[in-house]
There are 2 protein chains.
Amino acid sequence: MIRDLSKLERQKRIKEYILKDPFLSDKKLSELFSISVQTIRLDRLEMGIPEMRKRIVQVAKNTSSKDKVKSLKKEEIIGELIDIELGKNGIAILKTTKDMAFGRTGIIRSHYIFSLADSLAISIIDTEVALTGIARLSYKKPVYAGETLVAKARVARSRGNKYLVSVHVKSDQKEVFTGKLVIFSVNDKVKKEKA
Amino acid sequence: MIRDLSKLERQKRIKEYILKDPFLSDKKLSELFSISVQTIRLDRLEMGIPEMRKRIVQVAKNTSSKDKVKSLKKEEIIGELIDIELGKNGIAILKTTKDMAFGRTGIIRSHYIFSLADSLAISIIDTEVALTGIARLSYKKPVYAGETLVAKARVARSRGNKYLVSVHVKSDQKEVFTGKLVIFSVNDKVKKEKA
DNA sequence: CACCTATTATTAGCAACTACTAATTGTAAG
DNA sequence: CTTACAATTAGTAGTTGCTAATAATAGGTG
């Protein structure tokens, strides 16, 4: 149970709770916050949060809204971009988990490491759209679930719309993967107009 | 509007309607079938179909579980294994979707194609644990969301615990990707460093 | 003190039900 | 034709989770 919060604090928390679990009724919320149902209703009203039933309908109808937020914002890049100099180099980090590993051995599946390298390589190219053309990968050492991978990418050469990017992935200072990727930038003048 | 159906026929249709659109209330159904609300309720009862609200909750919980599967990478193998001859060759299929693509172009991210190729290559190796060592990838043509990819893998050479697997991925007969992967089988000492 | 805000209480009403009982209609068999 | 029985419809009471509105109460602050 939660007690003695300022109105603002409480409303913030209510918002978080509802976001996490849209199935919470006003009654359950009032119990959680040890506050009257009416206050919960007032809070919802002030924040413009619809009643539980409408929230459930939204969730049921929405296959896309969450996905859009997720796929457009977060999952554009595998791992977390730490530092980037467009056209030159970049660093990304990926914390590996059990879901990325083979169940039996705990070794991270190779394609997760490739995904980290590939998406980092693509994101350092200073262009609207970039596609991978050719890649040479070398896995040096198995990576176990729980290890944190640091990927460094560098544009080694570039000619026209063709970039050679080399990526080194290390875990705890030791190199576990290297790759050379040829990336092509695509300037789609057809579809886009603004910068 | 629907009229003059036998009880059984009507119940069948009601079932179909609800399956198609779980958001239909008893009132709307009664109007659709020009029958009383009570009859709809009796029909639902006989068929064990819950009320609209509970149906919506079901849908809402389904879509949220779908999200989990989507955002977390649970599948052991990317794509669907169609045919396999251990140690020799295998075929896998991947139906591409929007979540696998760049939002603005609809082009499938390269790592999904690699994942398909890599996991197929690993699964045709007849061993407990197999790891990818070196890979050469070549993306021939962009793949757009919605296309169905067919991956064929073949063990080209093998010496000791080292296998050279070549993978060809086609979409609609046209080759979109080829790769040569060197896979190592690991029998016991997983923790040992590999060559 | 009055004023103000926040909170709580109370009431009426709605949608979409469950659960139950009762009345009506249809239809087929004795 | 009448009875029997199923199918349908009607009606009532009670539930959940609300909206909307109005009023009462408690706690400060100037």
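The values are calculated or read from the model by the stated rules, or taken from the named source; none is laboratory data. This one's a predicted model, so the numbers in the text were calculated from it and none came from an experiment. Positions of Cβ are generated from backbone atoms using ideal geometry, with glycine treated the same way; all protein chains shown enter the neighbour counts. Remember, those area values only see protein heavy atoms, side chains included, never the ligands or the DNA or RNA. Shrake-Rupley method; radii C 1.70, N 1.55, O 1.52, S 1.80 Å.
Annotations for the structure displayed:
- Among residues of segment B:6-53 being aliphatic (A, V, I, L, M) and open to solvent by 50 Å² or more (accessible area, probe 1.4 Å), the one that is nearest to DNA strand C (Cβ to nearest atom) is B:M52.
Matching residues to (1) among the hydrophobic types (A, V, I, L, M, F, W, C); (2) modelled with pLDDT of 95 or more; (3) within 16 Å of DNA strand D (Cβ to nearest atom):
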| residue | (1), (2), (3) |
| --- | --- |
| A:S36 | no, no, yes |
| A:E80 | no, no, no |
| A:D83 | no, no, no |
| A:N89 | no, no, no |
| A:I93 | yes, no, no |
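- Long-range neighbours under 8 Å by Cβ, at least six apart or interchain, first residue in contact (Cβ under 8 Å) with a residue 24 or more places away in the chain within segment A:6-26, second open to solvent by 80 Å² or more (accessible area, probe 1.4 Å) and within 13 Å of DNA strand D (Cβ to nearest atom): A:Q11/A:E46; A:P22/A:Q58; A:D26/A:R41
- A:A117, sole failed condition from (1) farther than 24 Å from B:F177 by Cβ; (2) in contact with a Gly (Cβ under 6 Å, 6 or more places away or on another chain): (1)
- From the list A:K88, A:K141, the lone residue that is surrounded by fewer than 16 Cβ atoms within 10 Å (Cβ to Cβ), touching a strand residue (DSSP E or B) at 6+ places or on another chain (Cβ under 9 Å) and within 12 Å of another protein chain (Cβ to nearest Cβ) is A:K141.
- Flag if A:E128 is within 12 Å of another protein chain (Cβ to nearest Cβ) and either closer than 25 Å to B:V143 by Cα or modelled with pLDDT of 95 or more (or both): yes
- Count of segment B:163-188 residues which are open to solvent by 100 Å² or more (accessible area, probe 1.4 Å) and modelled with pLDDT under 95: 5
- From A:G90, A:G133, residue being in contact with a Lys or Arg (Cβ under 9 Å, 6 or more places away or on another chain) and more than 15 Å from A:F184 (Cα to Cα): A:G90
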